[in-house]
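Here the structure is laid out as structure tokens; the discussion comes afterwards.
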Amino acid sequence: MGKVEEARDFLKLIGMPKAQQADICCYVLLALADIKPGMSWSDAKNDWIRIHDIIRFSNTYYGTTYAENSRETIRKQALHRFRTAAVVEDNGMATNSPNYRYRLTEELLEILKTFQSVKWKKSLNHFLSSYNTLIDIYASKKKMEMMPVKINGADFKFSAGKHNELQKAIVEEFAPRFAPGSECLYVGDTIEKDLVKDAAKLAELGFEITLHDKMPDVVLYRKEKDWIYFVEAVVSSGPMDPKRILEITEMTKNVRTGKIFVTAFLDFRTYKKFSEALAWETEVWIAEMPEHMIHLNGDKFLGPG
């Protein structure tokens, strides 16, 4: 029996559903455990790795031809299900972060290393007897990593990660200072894309959003001034550069409300990295200096063009 079939047998024995015994899930397990053809399961590891690493491992050692656009399939069919089943855990980073990683849980690694050995049945029985407890533990761990945030007076939770940390600062620190009395019409979460989305109000203001449109990270509306703030939370990519301004302008061509474009950063160091790419006539806010704004040229400050 080859390693792929052995991996399938393992997934079946620990109770994974049929869909999570598919080839793609077997390759994910092998990559996470760093088990190459001919190796023993006792050599399994649980180092932190990216989906990119899973694709490269599978293609290199098992002759698959997965492309980078297979990442979402791997995430949804294998990794999300494995995480729910306490087979893997993630490192709590934002999913769009280049530092986002997965690894086998310690408990799963322990049983995997005994697979096909004399200790297998005993370790399998122990794993299965504590399975529901493990699921609760890892679900609670994930829940503990959530960040509370108050949006429009209601309590929400952001998943952990620097991108959501910055979005929380935008809503709770930027908005009261520079968009007082504003309402948050849209904010996404790195896991739950449309955490807050007031579709009715957006439509009333003239938004025509298609599936191809990428909303700004945070959209605030200040009724008193009839101003709308488009805020991009930049950790590793996506500042308000000229191309992004054109995209948002096209998406909001029927919006008559005054438009303000803001790029938000966690710290000055990240701002410096993107400073030359930022479009003129836009604003910059840095979370570590929340009382201040940077206005990029022009004769107006924090007002629509």
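The values are calculated or read from the model by the stated rules, or taken from the named source; none is laboratory data. Predicted model only: the values in this text are computed from it and were never measured. No Cβ is skipped: glycine too gets one built from the backbone with ideal geometry, and neighbour counts run over all protein chains shown.
Here are a few things to note about the model shown:
- Within the range 39-58, the residues that satisfy the criterion of being farther than 21 Å from V118 by Cβ, of a type outside the set (F, W, Y) and outside any helix (DSSP H, G or I) are K45, N46, D47, I49, R50.
- Looking across K36, K18, one residue alone is touching a residue at least 12 places away in the same chain (Cβ under 8 Å) and surrounded by fewer than 15 Cβ atoms within 10 Å (Cβ to Cβ). It is K36.
- From the list V28, V4, the one residue that fits, being under 18 Å from T105 (Cα atoms), in a helix (DSSP H, G or I), over 19 Å from the mean Cα position of the chain (by Cα) and touching a residue at least 40 places away in the same chain (Cβ under 8 Å), is V28.
- Residues of the range 248-305 classified as outside any loop (DSSP other than H, G, I, E, B) and at pLDDT 90 or above, total: 27
- Some residue of the range 35-51 being in contact with a Gly (Cβ under 8 Å, 6 or more places away or on another chain), under 20 Å from M1 (Cα atoms) and assigned by TED's automatic domain parsing to the domain that holds P17: yes
- Considered as a group, the residues in the range 250-274 that are polar (S, T, N, Q) and touching a strand residue (DSSP E or B) at 6+ places or on another chain (Cβ under 8 Å) include one that is farthest from N297 (Cα to Cα), and that residue is T252.
- Exclusive hit being under 19 Å from the mean Cα position of the chain (by Cα) and in the same structural domain as F158 (by TED's automatic domain parsing), set A264, A203: A264
- Here D53, D47 are screened, and the one residue that is acidic (D, E), surrounded by fewer than 18 Cβ atoms within 10 Å (Cβ to Cβ) and touching a helix residue (DSSP H, G or I) at 6+ places or on another chain (Cβ under 8 Å) is D53.
- Residues satisfying the stated conditions in the range 1-57, i.e. β-branched (V, I, T) and either touching a strand residue (DSSP E or B) at 6+ places or on another chain (Cβ under 8 Å) or modelled with pLDDT of 95 or more (or both): V4, I24, V28, I35, I49, I51, I54, I55
- For the range 253-266, filtered to residues that are in contact with a Leu (Cβ under 9 Å, 6 or more places away or on another chain) and closer than 17 Å to K223 by Cα, the residue that is surrounded by the fewest Cβ atoms within 10 Å (Cβ to Cβ) is R256.
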